[in-house]
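My structure is below; once you've seen it, I'll send some questions.
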Amino acid sequence: MGFWELVVLAVGLSMDAFAVSICKGLALQRVSWKECCIAGAWFGGFQALMPLLGYLLGTQFERFVTSVDHWIAFVLLGIIGGNMIREAFGEEEENSRETAQFDWRHMLPLAVACSIDAFAVGVSLAFMFTKAHMAFAILSIGVVTGLFSAAGLHIGRAFGSRWQKPAQIAGGAVLVLLGLKVLLEHLGFIAW
């Protein structure tokens, strides 16, 4: 996986947090730097932590699954991406209850929920990345998610919920396509 594919992966993973941030922005009268930093730190931090935990778990089982790692990556990314797309069409009432509060009781469950898919991605990356590549991947995922979360607050405040569903659908499609690319590369159909 190259640099640009990693950036695309980071953007795809950040779409859940971006969508939640848009919802939070809908409930704000105005968006401050403090709120942007809080949202970015919670969402970006957990999006960085979860792939690390997934990577650590995945490396423990690497020798057992090396022959099928491409299938694992394909299935995990496909399931995660498909689930994001499915959720985009079924969370109207859930998003309407979003509050503008940024304390730990509100942010922790959101950050964990938005980063569960990053854990599974971390497991699949354990079969594709070295430690140095993984450190860069974790940093990229965290930073991109933090920036998208801050931007989501502003977009939610400015434009409303119009961009939430397309962002989540796009993120899911990106993850599905990345999983397909990993599989096709391993099977020899793509030589990038």
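The values are calculated or read from the model by the stated rules, or taken from the named source; none is laboratory data. Just so we're clear, the structure is a prediction, and the values are computed from it rather than from any experiment. Positions of Cβ are generated from backbone atoms using ideal geometry, with glycine treated the same way; all protein chains shown enter the neighbour counts. Keep in mind that these areas ignore ligands, DNA and RNA; they rest on the heavy atoms of the full protein, side chains included. Shrake-Rupley method; radii C 1.70, N 1.55, O 1.52, S 1.80 Å.
For the chain, what does -39500 (n - 2.57) per DSSP helix run (n ≥ 4), summed and divided by total residues, give at 222 nm, in deg cm²/dmol to the nearest 500? It would help to have the intermediate numbers written out before the result.
On the way: 8 runs with 156 residues, N = 192.
Computed ellipticity for the chain at 222 nm equals -28000 deg cm²/dmol.
So, counting K/R as plus one and D/E as minus one, what does the shell of residues with Cβ under 14 Å around CYS36 add up to? Don't jump to the answer; show the numbers that get you there.
Values: positive: LYS24, ARG30, LYS34, ARG157; negative: GLU35.
Neighbourhood net charge equals +3.
Enumerate the calculated ³J(HN,Hα) couplings along region 150-158 in order (Karplus 6.51 cos²θ - 1.76 cosθ + 1.60, θ = phi - 60°), each rounded to whole Hz, writing x wherever the residue is Gly or Pro.
These are the phi-based 3J(HN,Hα) values: 4, 5, x, 4, 5, 5, x, 5, 7 Hz.
Go through region 115-127 residue by residue and turn each phi into a ³J(HN,Hα) via Karplus (6.51, -1.76, 1.60, θ = phi - 60°); whole Hz please, and just put x for glycine and proline.
With coefficients 6.51, -1.76 and 1.60, one gets 10, 4, 5, 5, 4, 5, 5, x, 4, 5, 5, 4, 8 Hz.
If we count every other residue with Cβ under 12 angstrom of PHE46's Cβ, Lys/Arg +1 and Asp/Glu -1, where does the sum land?
Net charge around PHE46: -2.
While we're on this one: Rolling a 1.4 Å sphere over the protein heavy atoms, what is the accessible area per residue of the chain, to the nearest Å²?
Numbers: 9760 Å² over 192 residues.
Ligands and nucleic acids excluded, the figure is 51 Å² per residue.
Which listed residue (ILE116, TRP33, HIS106) has the Cα farthest towards the positive end of the charge dipole for the chain, taking +1 on Lys and Arg C-beta and -1 on Asp and Glu C-beta about the Cα centre?
Farthest towards the positive end: TRP33.
Over the chain, how many percent of alpha carbon pairs lie in each 5 Å bin up to the one with the longest distance?
Going from the shortest bin to the longest, the percentages are 1, 9, 17, 21, 19, 13, 9, 6, 3, 1, 0.
Can you list the lysines whose alpha carbon sits under 18 Å from that of LYS34, skipping same-chain ones fewer than 8 residues off?
LYS24
Using a probe of 1.4 angstrom, how much of the accessible area of the chain is carbon and sulfur, in percent?
Details: 6820 of 9760 Å².
C and S atoms contribute 70 percent here.
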